[in-house]
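Undergrad: Sharing a structure below in structure tokens format, with a few things to ask.
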Amino acid sequence: MPITVTGDVAHLATEHSSYVIELAGSVRLLHWDDAVADDDLAMLSAHPPRPTGLASASLAPSGHTEIVGYGGLDLRSPSFAAEFADGTRSVDLAVAGHRVSGDELIVELTDRVYPLSVQLHYRVRADCDVIERWLVARNTGETDDISLRSCLSADVALPEAGTRVSYLHGAWGGETRLDAVPLPSGRFELDGRGGYTSHRARPWFALDDGHATETAGAVWSASLAWTGSWRLAVERGGDGALHAGIGMHDLDFDYRLSPGESLQTPRVALLYSAAGFGDSSRRWHDYARRHLLRKLPPRPVLYNSWEATAFDVSLDGQTELARRAARIGVELFVVDDGWFVGRTSDHAGLGDWRPDQQKLPGGLDPLISRVRELGMSFGLWVEPEMVNADSELYREHPDWVYHFPTRPRSERRHQLVLNLARDDVADFVYSTLDGLLRAHDISFIKWDFNRPIADAGWPDEPHGNPQRLWVGHVENLYSILERLRAAYPDVLIEACAGGGGRIDLGMIGRTDQVWISDNTDPYDRVELQYGYSQAYPPETMVSWVTDEVSHINGRSSSLEYRFHVSMAGVLGIGADLTGWTEQDFTTAAGLVAQYKDWREIIQHGRQYRIGTVPATDGVRAVQYVADDGARSIIFLYAHGRSFGENSVRVMPAGLDPDRSYRCNGGCFSGRLLAAHGIDLPVRGDTASTAVTLD
Ligand code: GLA
């Protein structure tokens, strides 16, 4: 049993870790670390962790609580705040009971005075050392509303020794860059606003004592499954105690629970690893694979025509690209933006999801037939939550967008956001997608979201509580994705948001792959992919081989380098194939064939970010190992080599020490390779090598 409760102490055991909480009055974390035996629980409870610093008036003695309610002497940043009908703005929660159901523990807290119940949910994902947490707040009264002003998924006490936080920050064109900073006294905070995960940060962080490495040391991390506004804060009190709150953003948050109503928060997954950042990442990958993603065969090699044609879509133009894509072994041909009526630029058309008959005479079907005849399946871009003011949809339903009647409706990329929290809008979006998938032979959709929610008004919200949109938009998005998945199980969905604006476990769990950035410069991409791999698995990461000169940096790179970078996840091609030489086609066809041979391991094997000896600036290497250890692939990317440097020694990981592997013209044991490394030839400014160990 992953959960045992002895007296007031609950032990949530994963394969390699223990999460121990005490349920006496308040819920307190006693231990989240290496596995402990049930015999140790009494000792843990007799000697609960106490801050070692100066006693602080800002901290109630009951630190380490699993929910920080606003009110009373506890002045830590709250994870839960409410206002009652009589104007009381403090909560006072006490444990009222608990129950265990399989791998789930539910702890019930009730307010000492008001009819408010809060259930803390814990689910043990033992096979990947994850504890999932969320809460359900319920108004158990009969007459009055309760306003929730903050309702995070969890607060979690962290070890005082935690001094460094790693996180993924960014902006459009640079979404998943890894950074690590010393934790300040006070707060370290990340957030995403505007009703989407955002480009500037992912809802993920990792904490260590400043000494953990890729291969050693304790790492505590958390990842939120939410595609709306979110926040996380790691806060150190004056007494040294550390805790983190993570969940839906409380900016402009006011969710009024009517009598009998409840609100369930998104899940946050907590993961402890004793073996460094690499091990932590592989457990995150396992968690997504085993508990969030669908079990699928390897994702197809796709071609996407966006960078080649932008809005200039035509039957002949797309057919020509499709012919060329088929020559190199592409399996899925995706028409991006520009296929629907009015869409000659980003000024018009969003919302009118009917093919432009001038660009595509006869609609989508003639193009789909040609693509099918070429042996590929067909995919289509949509951005269903958006509308241009210049569209039939907006002219018919100007009230369908978020707006405040007295304010201008702010446009970004000339578009407005549909109020998906409204049921009629959600019905429209579902039936639009359902109509397209029903009518045409479409195997893939790329679901985009190119601007944040602003002007967050909803004048006729039925409860008189327009702030519900922050929750309702995402809930309806999830329900549409889930319904589509159930109705069209063979259709793959790619999540995109102006590049990588919606990278989080909530979206990853309801789609099949993610477009992580509009930045397709392979040199930058190596960094973005390195960051992405910290928290999310490679089979969800699409990467395109685009033109020789990067549109974002003006940097040139070889076709082989571009391929090696994109082959490290789900391979896509986005180059303008009409400009390719015969040699390009031959090279590309060879690399696509190689990828198809390798992709089972790349997409479903274990991923290692491996080092070099000596440590070498400007070099990144990533290795994939088949589950049975029989085969492995290494990609090496080297930048700015000089002074005759023409090889790099990489240190492979994850090999079976007793197995022999063929590489570099010889046959070596896994043990020897791990100890001595492999010299790989690589020279130039943006250079790469890919090798297999068989
Ligand atoms: C966003 C996406 C791109 C492309 C364009 C189309 O920017 O990230 O890949 O689909 O929209 O307008």
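Since every read-out is calculated from the coordinates, none of them should be taken as a lab result. From a predicted model like this one, the values you see are computed outputs, not experimental measurements. Ideal geometry is used to build each Cβ from the backbone, glycine not excepted, and the neighbour counts take in all protein chains shown.
Undergrad: Compute the FRET efficiency between Arg413 and Ser669 as 1/(1 + (r/R0)^6), taking r as their Cβ-Cβ distance and R0 = 45 Å, and round to the nearest 0.05.
TA: Values: r = 56 Å, r/R0 = 1.24.
For Arg413 and Ser669, the calculated efficiency is 0.20.
Undergrad: Using each residue's phi in segment 185-201, evaluate 6.51 cos²θ - 1.76 cosθ + 1.60 at θ = phi - 60° and report the 3J(HN,Hα) Karplus result to the nearest Hz, with x for Gly and Pro.
TA: Running phi through 6.51 cos²θ - 1.76 cosθ + 1.60 with θ = phi - 60° gives 6, x, 10, 10, 10, 10, 7, x, 10, x, x, 9, 4, 4, 7, 7, 7 Hz.
Undergrad: In nanometres, what is the gap between the two model label sites at Leu73 and Thr140, each 7 Å from Cα along Cα-to-Cβ?
TA: Inter-label distance under the simple model: 2.7 nm.
Undergrad: Something else now. Give the Rg (one decimal place) followed by the Dmax (whole number) of the chain, computed from C-alpha coordinates and expressed in Å.
TA: 26.2, 79
Undergrad: What's the center-to-center distance, using Cα atoms, between segment 499-567 and segment 646-687 in Å?
TA: One Cα centre to the other: 25 Å.
Undergrad: For segment 383-512, what is the Kirkwood hydrodynamic radius in Å, using each pair of distinct C-alpha atoms?
TA: Values: mean 1/r = 0.0650 Å⁻¹.
About 15.4 Å for segment 383-512.
Undergrad: Please list, in order along segment 85-94, the HN-Hα scalar couplings obtained from phi with the Karplus expression 6.51 cos²θ - 1.76 cosθ + 1.60 (θ = phi - 60°), rounded to whole Hz, x for Gly and Pro.
TA: Along segment 85-94, the couplings run 4, 8, x, 5, 10, 9, 10, 9, 9, 9 Hz.
Undergrad: Next question, about the same structure. Along its principal axes, what span do the Cα atoms of segment 68-161 show, with the longest given first and each in whole Å?
TA: 47, 34, 18
Undergrad: Report the gain in length on full extension from Ala180 to Thr215: 0.36 nm times residue separation, minus Cα-Cα distance, nm rounded to one decimal.
TA: Numbers: separation 35, 0.36 × 35 = 12.60 nm, distance 1.63 nm.
Difference between extended and current length: 11.0 nm.
Undergrad: While we're here: Straight-line reach from Lys295: which lysines fall under 30 Å, measuring Cα to Cα and dropping same-chain residues less than 8 apart?
TA: Lys446, Lys596
Undergrad: Around Val219, what is the net charge, scoring Lys/Arg as +1 and Asp/Glu as -1 over all other residues with Cβ under 12 Å from its Cβ? Don't skip to the answer; put the middle values down first.
TA: Working: positive: Arg164, Arg282, Arg283; negative: Asp33, Asp129, Asp208, Asp209, Glu214, Asp279.
Counting the neighbours of Val219, the net charge comes to -3.
Undergrad: Taking 0.36 nm per residue of sequence separation and subtracting the Cα-Cα distance, how much length would be gained by fully extending the chain between Asp103 and Asp441, in nm to one decimal? Mind showing how you got there, number by number?
TA: On the way: separation 338, 0.36 × 338 = 121.68 nm, distance 4.09 nm.
Full-extension gain reported as 117.6 nm.
Undergrad: Sticking with the crude label model, points 7 Å out along Cα→Cβ, report the distance from Asp424 to Gln264 in nm, one decimal please.
TA: Calculated label separation equals 2.9 nm.
Undergrad: Tell me the GluC sites (Glu not before Pro) within segment 55-157 that lie in a loop according to DSSP and have at most 15 other beta-carbon atoms within 10 Å. Mind showing how you got there, number by number?
TA: On the way: sites: Glu66, Glu83, Glu104, Glu108, Glu132, Glu142; in loops: Glu66, Glu142.
Listed in order of number, the matching sites are Glu142.
Undergrad: Right, something else. So if each residue of separation counts as 0.36 nm, and I subtract the Cα-Cα distance between Asp254 and Ala593, what length gain in nm does that give? Show your work: numbers first, answer last.
TA: Details: separation 339, 0.36 × 339 = 122.04 nm, distance 5.37 nm.
Full-extension gain reported as 116.7 nm.
Undergrad: Now for a different question. Can you tell me the alpha carbon radius of gyration of segment 308-363 divided by the globular rule-of-thumb value 2.2 N^0.38 Å?
TA: Working: Rg = 11.9 Å, N = 56, 2.2 N^0.38 = 10.2 Å.
My calculation over the Cα atoms of segment 308-363 gives 1.17.
Undergrad: Can you give the FRET efficiency for His676 and His47, using 1/(1 + (r/R0)^6), R0 = 41 Å, r = Cβ-Cβ distance, to the nearest 0.05?
TA: Working: r = 47 Å, r/R0 = 1.14.
Given R0 = 41 Å and the Cβ-Cβ separation, E is 0.30.
Undergrad: In nm, to one decimal, how far is the Ser660 label point from the Ala94 one, both placed 7 Å along Cα→Cβ?
TA: A separation of 7.2 nm, rounded to one decimal place.
Undergrad: What order do you get for Phe311, Phe404, Phe80 when you list them from fewest to most C-beta neighbours inside 10 Å? Present the calculation step by step, with values, prior to reporting the outcome.
TA: Details: Phe311 16, Phe404 13, Phe80 26.
So the ranking, lowest neighbour count to highest, is Phe404, Phe311, Phe80.
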